[in-house]
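The values are calculated or read from the model by the stated rules, or taken from the named source; none is laboratory data. Everything numeric in this text was worked out from a predicted model, so none of it was measured. Cβ: placed from backbone, ideal geometry, glycine included. Neighbour counts: every protein chain shown.
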């Protein structure tokens with residue numbers, strides 16, 4: 001039986017077009033892009049081409065794109081680098097309780113170094129409450145960082161309104177767009193975004209490369225030292241093959257974006273309908289609209305999520321209980337807690353994330369397997385009593 005992969009929010013399969021673009025850089029154009037000889041100039045040209053492609057995809061300038069090792073590094077750099085560079089103006093940062101761990105970790109680091117951070121609550125669908133955002137702003141606020149699309153729920157924030165609110169008070173606005181980029185159009189000029197994080201492996205590109213857009217109007221300090229790479233902002237030899245792959249993945253994503261958006265929306269609606277009609281007591285956590293279609297968060301009442309994940313894996317379906325960056329943790333999802341789910345429901349929640357490669361036939365097969373697994377686990381629980389591990393954060 002062919003395995004069914006429904007964990008694309010964690011990572012996607014690298015596309016053949018991307019791999020083909022990368023191979024010559026691994027075998028022929030292997031020079032260091034910082035070197036001045038012909039080998040270096042050849043690879044530098046390839047890096048510049050990818051930078052141009054990514055800049056065009058979000059309507060930015062090429063010299064506003066900085067390559068990083070990952071989305072997590074880009075988030076950390078955005079939060080810490082902007083805060084440090086603008087500390088003369090204030091020491092207060094606003095974010096939300098549903099951010100990626102790289103943002104929350106960077107904020108905790110800043111709290112240990114003299115900064116104050118407000119972590120906003122969200123509503124039951126994961127949306128920022130604007131009255132709470134307005135109340136949180138202080139004269140000392142220098143940065144607001146709120147993700148574009150949540151990695152567990154798929155909820156898309158009103159970026160334009162958040163950016164307007166920030167700029168009205170002279171505050172810099174950063175957004176983690178890792179789950180949005182390549183799946184929806186992003187225009188940083190129209191949305192008035194000052195800094196934005198993206199990653200290649202979420203859009204059928206290679207792992208180990210991300211990028212940070214920073215407006216030329218925004219001051220940011222480096223957090224990685226050791227060289228003059230990336231216009232003196234980030235030390236370290238560039239991962240040229242991955243950067244070339246990132247550029248190609250971006251080109252493909254925005255070349256095919258209308259077709260892929262349409263397909264993913266139809267697949268998502270089909271899969272969600274099947275989940276809720278063919279399996280009893282399933283709750284979808286997120287709004288029907290204003291979300292990226294590829295992410296579906298579903299609570300299977302009375303079923304332990306980790307047991308379901310393991311059973312599905314053995315039956316040939318790959319899913320997740322949340323963000324891949326925290327999947328090895330025994331803590332209850334901070335995102336699900338923030339939208340008001342009780343610990344038992346949070347522990348009973350699975351994240352499905354679709355890709356352009358999925359088919360209706362695969363989804364039908366997956367639904368049949370999920371239904372069987374849920375029935376078996378519920379039957380076991382009713383016979384022997386549902387036993388779940390006590391976890392950090394449980395009350």
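Given the options 307, 355, name the one that is assigned to a loop (DSSP other than H, G, I, E, B), out of contact with any strand residue (DSSP E or B) (no Cβ under 6 Å at 6 or more places or on another chain) and at pLDDT 95 or above.
355
Can you tell me which of (1) crowded, with 22+ Cβ neighbours inside 10 Å; (2) not assigned by TED's automatic domain parsing to the domain that holds residue 76 is the one residue 246 doesn't meet?
With (1) crowded, with 22+ Cβ neighbours inside 10 Å; (2) not assigned by TED's automatic domain parsing to the domain that holds residue 76 applied to residue 246, the lone miss is (2).
Can you pull out the residues in the range 310-329 that are in a loop (DSSP other than H, G, I, E, B) and either modelled with pLDDT of 95 or more or closer than 22 Å to residue 125 by Cα (or both)?
Once the filter is applied, which keeps residues that are in a loop (DSSP other than H, G, I, E, B) and either modelled with pLDDT of 95 or more or closer than 22 Å to residue 125 by Cα (or both), the range 310-329 yields 315, 316, 319, 321, 322, 323, 327.
Can you tell me which of 192, 169 is farther than 19 Å from residue 338 by Cβ and in contact with a helix residue (DSSP H, G or I) (Cβ under 7 Å, 6 or more places away or on another chain)?
Result: 192 is the single residue among 192, 169 that is farther than 19 Å from residue 338 by Cβ and in contact with a helix residue (DSSP H, G or I) (Cβ under 7 Å, 6 or more places away or on another chain).
Would you check if there is a residue in the range 271-294 being buried (at least 22 other Cβ atoms within 10 Å of the Cβ), farther than 14 Å from residue 352 by Cα and at pLDDT below 95?
Checking the range 271-294: not a single residue is buried (at least 22 other Cβ atoms within 10 Å of the Cβ), farther than 14 Å from residue 352 by Cα and at pLDDT below 95.
Considering only the range 121-134, state which residues are surrounded by fewer than 21 Cβ atoms within 10 Å (Cβ to Cβ) and more than 13 Å from residue 162 (Cα to Cα).
Within the range 121-134, 121, 123, 124, 125 qualify.
When you scan the range 262-280, do you find a residue that is assigned to a loop (DSSP other than H, G, I, E, B), outside the structural domain of residue 160 (by TED's automatic domain parsing) and touching a strand residue (DSSP E or B) at 6+ places or on another chain (Cβ under 6 Å), even just one?
Taking every residue of the range 262-280 in turn, none turns out to be assigned to a loop (DSSP other than H, G, I, E, B), outside the structural domain of residue 160 (by TED's automatic domain parsing) and touching a strand residue (DSSP E or B) at 6+ places or on another chain (Cβ under 6 Å).
Do we have residue 209 as closer than 26 Å to residue 43 by Cα and either under 22 Å from the mean Cα position of the chain (by Cα) or surrounded by fewer than 20 Cβ atoms within 10 Å (Cβ to Cβ) (or both) here?
When the stated conditions are applied, residue 209 passes them.
Does residue 109 count as part of a helix (DSSP H, G or I), surrounded by fewer than 17 Cβ atoms within 10 Å (Cβ to Cβ) and touching a helix residue (DSSP H, G or I) at 6+ places or on another chain (Cβ under 9 Å)?
yes
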